[in-house]
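Reviewing the structure listed below.
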Amino acid sequence: MANLVSYYKEGNVAVIAVDNPPVNALSPGVPEGIMEGLRWALMHDDVEAVVLAGRGRTFIAGADIREFEKIHAGHHGGLDPILRLLADLEDSDKPVVAAIHGTAFGGGLEVAMACHYRVAVPTAQVGQPEVKLGIIPGGQGTQRLPRLAGLGKALEMCSLGEPVRAAEAKAAGIIDELIEGELLPGAIAFARHATARTPPRASQKIAAPDPDAVAAAHEAASKRLRGQTAPHAAIEAVEAASRLPFREGCQVETRLFDQCLASDQSKALIHVFFGERTVSKVPGIGKDVETLPIRRVAIVGAGTMGGGIAMVYANAGIPVLLKEANEAALDRGMATITRNYANSVKRGRFTEEFAGQRLKLITPHVNYGGFEDADIIVEAVFEDMELKKRTFAELDKVTRPDAILASNTSTLDIDEIAAATSRPHMVIGHHFFSPANVMRLLEIVRGKATGAQVIATSMELARRLKKVGVLVGNCRGFVGNRMFAPYCRESVFLVEEGNAPEHVDGALYAFGMAMGPLAVQDLAGLDVGCRIRKEFKHLEQPGLRYAELDSLLCAAGHYGQKTGRGFYIYDAARKPSPNPEVLALAGEYAAKAGLARHPATSEEIVERCVYALINEGARVLEEGFALRSVDIDIIYINGYGFPAWRGGPMKYADLAGLANVYARVRQFHDRFGEHWKPAPLLEHLARHNSTFTAYDKSRAAAA
Ligand code: 3H9
């Protein structure tokens, strides 16, 4: 305990310092250590005030989230000591000042608010991000924050979970003073005068119940965090603060906190929190593997993907050389980039100055001049194997031998591309998702010869580019698109069986997907899917059913959004409306192919599409193309709009019970045919009453 919290005297002020790296979470032992420090300070007559601070990079980033998992597993975690600590701090008859740097999040802010005063450096941030974990503040935050900052601010902070910067927190009444110089001496000086200050119980600031503010908060949360229950629970708890005495409000908070903590949504979101950090860890590639310096990038292809990737690098401050085959294509690419930056300025995402600086980092080029200075080259040419191979053979000649050659291919074989060079160990896939400057996912595809340094550099680079980098193996479509194929297949089958596209998409949107699968196919271009299908036609198995309706739409010249017609009809603003031709075409096709009509409920639509994802995911996992099931979840949440609060497809399956998923997959297999053959891993885990999460753990333990 002594090493988690230390305490000492600076004249007449006691300093209690939390030292629980990396983020000073309130792990078991930390609240107890602070309480011990406080008792020590209260016992010493020469101590007149107390400063509570964090060592290292932050104040306190909240309760220890790993403890919640233990509570889920039925063991009691370390939350009670936090509640006792809050009472001790508040009851202290010597003023306690929280000295905040880094982040005071969740339980960290709640501890700070139980102190009598709060001071912070200007770079500090405070927040109640619990809703992002599917829970609400459980340490009186929903009751203290409205008392300090007013109802509106507290509703916003507790329901959306976004942090606020110190200056804004000061203006809102959460922080008492900003310390411009060194924090600790400033906080001690503040504490010395604390006894002379008016006790800051700011309950007069709390607004009376305001139904409009509450309704507006529900509306904002429904829009921003669609499908999530915790934001609405947080609003209910904050609203209680405006009509109930403090203690009764706390009881409302505790009831709602417990409900949220027991929910599948919190299990899913906590899984995602740790998952986003787990994916950066690659077994066998430790911190000892030295990464290569990335100072300059060259990009081949200034189309939609190449242009987006150029912006990603420029936004990270890395100079970009952008090459196209001719001036006209280059001008078009640069015009799109310039327009995108202008739109970002218009939407307030970037300042004009920032956008101007980033644009200047991109140098357009029609030849390979300057490529010898690039540390990494990203190829983003048309998705055609011969063209890619030619490009890589050229790159091999014009770049330094120690430069990384990355392909942005979304489906093609990285090993075949690498074989076109004299350095397959330097070749890797960097699969960005469209629009590259917006989507967070970067699938990093390891070929059989890709070197450890190239992998480590790519993982590190993803972080620098503000992407979630996930390492995957080299199979057709890699992890994301390989799984997406059966998901899309089911959505088209459902339409072929007589279900309207808006019914199919509507069911998946209500499930929480960012877009329905048919709308996604229209957006990507039905011609793209048809071209890929043609390329791999030779791999199709006789006797299996394949989706035909998209090919029929393509044959009629309907490619989706780009032609104004696909599964939907699009107006000039790309707003979709139902396309009556689709069901007519589906009916004709079904009659010819002898397909039964099968009106499906929303529940069945979701099961067919999502279980197809899961079944393929189980194969990908067993074959080793994904390192862990959680990697698949993070790919789907960040690249395919799968709702984070459902945990990703594999966690969703765990929560639904693998035995249930497996039973349904078997029924679909009996009813719809061989493409529903259960994945052996799904069958194995279901029969052993296990989970994908347990499978991840057993594999990690075996490694
Ligand atoms: C709460 O407080 C509920 C209360 O109301 C209840 C009171 C009764 N616990 O993100 P990073 C780990 S709920 C445990 O890479 P950064 C993280 O897993 C909590 N572990 O660093 C990682 O581990 P590893 C409310 C935590 O600098 C390592 O620390 N608070 C926690 O990019 C580094 O993390 C939150 O939701 C934690 N609370 O970002 C804040 N936090 O190295 C959650 C981090 O093994 N945390 N870890 O992979 C964050 O938002 C970011 O970590 C932070 C730092 C911004 C603080």
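The values are calculated or read from the model by the stated rules, or taken from the named source; none is laboratory data. Because the structure is a prediction, the values reported are computed rather than measured. Every residue, glycine among them, receives a Cβ derived from its backbone with ideal geometry; neighbour counts consider all protein chains shown. Accessible surface is based on the protein model in full, side chains and every heavy atom, while ligands, DNA and RNA are left aside. Shrake-Rupley method; radii C 1.70, N 1.55, O 1.52, S 1.80 Å.
Could you tell me which of the residues 341, 313 is out of contact with any Asp or Glu (no Cβ under 8 Å at 6 or more places or on another chain), crowded, with 20+ Cβ neighbours inside 10 Å, free of Cβ contacts under 8 Å to residues at least 40 places away in the same chain and not hydrophobic (A, V, I, L, M, F, W, C)?
Working: 313 fails: free of Cβ contacts under 8 Å to residues at least 40 places away in the same chain.
Every option except 341 fails the conditions.
Kindly state which helices (runs of 4 or more DSSP H) lie completely within the stretch 495-566 and contain at least 1 residues that are loosely packed, with under 14 Cβ neighbours inside 10 Å and of a type outside the set (S, T, N, Q).
On the way: elements: 501-511, 517-524, 526-535, 549-555.
Answer list for the stretch 495-566: 526-535, 549-555.
Checking the conditions here, which among 370, 303, 333 is assigned by TED's automatic domain parsing to the domain that holds residue 420 and in contact with a Pro (Cβ under 9 Å, 6 or more places away or on another chain)? Spell out how you get there, then give the answer.
Numbers: 370 fails: in contact with a Pro (Cβ under 9 Å, 6 or more places away or on another chain); 303 fails: in contact with a Pro (Cβ under 9 Å, 6 or more places away or on another chain).
Of the residues listed, the single one that is assigned by TED's automatic domain parsing to the domain that holds residue 420 and in contact with a Pro (Cβ under 9 Å, 6 or more places away or on another chain) is 333.
Under 7 Å between Cβ atoms, which residue pairs at least 6 apart in sequence (or on different chains) link something in the stretch 380-402 that is in contact (Cβ under 8 Å) with a residue 40 or more places away in the chain with a partner that is open to solvent by less than 30 Å² (accessible area, probe 1.4 Å) and assigned to a helix (DSSP H, G or I)?
What qualifies is 380/306; 380/309; 381/388; 381/391; 399/371.
Do we find a residue being hydrophobic (A, V, I, L, M, F, W, C), out of contact with any Gly (no Cβ under 9 Å at 6 or more places or on another chain) and more than 8 Å from the ligand (Cβ to nearest atom) anywhere in the stretch 115-123? Break it down into steps so the answer makes sense when it comes.
In the first step, residues of the stretch 115-123 are kept if they are hydrophobic (A, V, I, L, M, F, W, C); the result is 115, 119-121.
Adding the requirement that they be out of contact with any Gly (no Cβ under 9 Å at 6 or more places or on another chain) leaves 115, 120.
From the residues that got through so far, the ones that are more than 8 Å from the ligand (Cβ to nearest atom) too are 115, 120.
Among the residues of the stretch 115-123, at least one is hydrophobic (A, V, I, L, M, F, W, C), out of contact with any Gly (no Cβ under 9 Å at 6 or more places or on another chain) and more than 8 Å from the ligand (Cβ to nearest atom), which makes the answer yes.
Given the condition over 18 Å from residue 472 (Cβ atoms), hydrophobic (A, V, I, L, M, F, W, C) and assigned to a helix (DSSP H, G or I), answer yes or no: does some residue in the stretch 404-423 qualify?
No, the stretch 404-423 contains no residue that is over 18 Å from residue 472 (Cβ atoms), hydrophobic (A, V, I, L, M, F, W, C) and assigned to a helix (DSSP H, G or I).
Out of 360, 389, I need the residue that is over 28 Å from residue 479 (Cβ atoms), in the same structural domain as residue 332 (by TED's automatic domain parsing) and modelled with pLDDT of 95 or more. Which one? Walk me through how you get there before you give the answer.
Working: 389 fails: over 28 Å from residue 479 (Cβ atoms).
The unique qualifying residue is 360.
Could you please find all residues in the stretch 450-491 being of a type in the set (D, E, K, R), part of a helix (DSSP H, G or I) and crowded, with 19+ Cβ neighbours inside 10 Å? Steps first, please.
Of the stretch 450-491, the ones of a type in the set (D, E, K, R) are 460, 463-464, 466-467, 476, 482, 489-490.
Now restrict to residues that are part of a helix (DSSP H, G or I): 460, 463-464, 482, 489-490.
If the condition is that a residue be of a type in the set (D, E, K, R), part of a helix (DSSP H, G or I) and crowded, with 19+ Cβ neighbours inside 10 Å, then 482, 489, 490 are the ones that fit.
Quick check on residue 540: is it over 27 Å from residue 650 (Cα atoms), modelled with pLDDT under 95 and assigned by TED's automatic domain parsing to the domain that holds residue 497?
On the way: over 27 Å from residue 650 (Cα atoms): no; modelled with pLDDT under 95: yes; assigned by TED's automatic domain parsing to the domain that holds residue 497: yes.
Criteria not met by residue 540.
Look through 153, 132 and report the one residue that is within 27 Å of the chain's Cα centre (by Cα), surrounded by fewer than 24 Cβ atoms within 10 Å (Cβ to Cβ), assigned to a helix (DSSP H, G or I) and within 12 Å of the ligand (Cβ to nearest atom). Walk me through it before giving the result.
Values: 153 fails: within 12 Å of the ligand (Cβ to nearest atom).
Residue meeting the stated conditions: 132.
What helices (runs of 4 or more DSSP H), lying completely within the stretch 224-332, carry at least 3 residues that are within 15 Å of the ligand (Cβ to nearest atom), within 27 Å of the chain's Cα centre (by Cα) and among the polar types (S, T, N, Q)?
On the way: elements: 230-241, 246-261, 264-278, 304-315.
Filter on the stretch 224-332 gives 264-278.
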